[in-house]
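Peer 1: Got a structure here, written out as structure tokens. Questions coming.
The values are calculated or read from the model by the stated rules, or taken from the named source; none is laboratory data. Bear in mind the structure is a predicted one, so any value in this text is a computation, not a measurement. All Cβ positions, even for glycine, are placed from backbone atoms using ideal geometry, and neighbour counts span all protein chains on display.
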Amino acid sequence: MLSSLIIGVVVLSVLLGLLFAFVWWIRREQVGSLQRARETFHIRREWLEADFVSRAEASGKPRGLRWLHCDFDDSVCFARDRRTGRYRALVGVTISFEAIEGGGMEDVEAVGNLRAATVVFRLDGPEWKADGRALFNLNPAEAIEHYQNDLETVE
């Protein structure tokens, strides 16, 4: 009976040790992959910003407005998609528009106002991507908070 108890304790100890090692390895991989994600984002950032602007201009949104300028903030907030586990990089922007002739916005005074928004870039496999959508009236921290069911901060 005592030998069965000792064997049970040893087996349980080994299993707990393996579980601890597995959790440690997963955490180490996550930290390493976040570091790689940050590095690749910073290497590709200028290209990603240009891709975002091209896609946003081509989207035709907001309707009746032409994108004039998009000024990107220096800081970046990184988050993780809760569903997929993939990283997101959120960057604040200031955008200016002008009315397109015949687009129905020529008489709107607010067209010339600068607009604050957040651009979300997504890590898709090893590559960062831009989809051309901006989250207006939210800075990056507010965007993560607003979409807290979908995003979690990783910093």
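Peer 1: Condition (residue is in a helix (DSSP H, G or I), modelled with pLDDT of 75 or more, loosely packed, with under 11 Cβ neighbours inside 10 Å and under 19 Å from the mean Cα position of the chain (by Cα)) applied to the stretch 20-34: is it met by at least one residue?
Peer 2: No, the stretch 20-34 contains no residue that is in a helix (DSSP H, G or I), modelled with pLDDT of 75 or more, loosely packed, with under 11 Cβ neighbours inside 10 Å and under 19 Å from the mean Cα position of the chain (by Cα).
Peer 1: Oh, and also: Only one of these conditions is not met by residue 93: (1) under 19 Å from residue 46 (Cβ atoms); (2) within 10 Å of the chain's Cα centre (by Cα); (3) β-branched (Val, Ile, Thr). Which number is it?
Peer 2: Of everything listed in (1) under 19 Å from residue 46 (Cβ atoms); (2) within 10 Å of the chain's Cα centre (by Cα); (3) β-branched (Val, Ile, Thr), residue 93 misses just condition (2).
Peer 1: Please go through the stretch 71-81 and give me each residue that is assigned to a strand (DSSP E or B) and touching a residue at least 60 places away in the same chain (Cβ under 8 Å), ordered by number.
Peer 2: Across the stretch 71-81, the qualifying residues are 77, 78, 79, 80, 81.
Peer 1: So, one more: Name the residue that is farthest from residue 80 (Cα to Cα), counting only residues in the stretch 118-152 that are out of contact with any strand residue (DSSP E or B) (no Cβ under 8 Å at 6 or more places or on another chain) and surrounded by 15 or more Cβ atoms within 10 Å (Cβ to Cβ).
Peer 2: Step by step, filter the stretch 118-152, then rank; the result is 132.
Peer 1: Could I ask something else about it? Is it true that some residue in the stretch 106-116 is without any contact (Cβ under 8 Å) to a residue 24 or more places away in the chain and touching a helix residue (DSSP H, G or I) at 6+ places or on another chain (Cβ under 6 Å)?
Peer 2: No.
Peer 1: Just to verify a result, which residue in the stretch 84-105, among those that are charged (D, E, K, R) and surrounded by fewer than 22 Cβ atoms within 10 Å (Cβ to Cβ), is nearest to residue 150 (Cα to Cα)?
Peer 2: Ranking the candidates gives 86 first.
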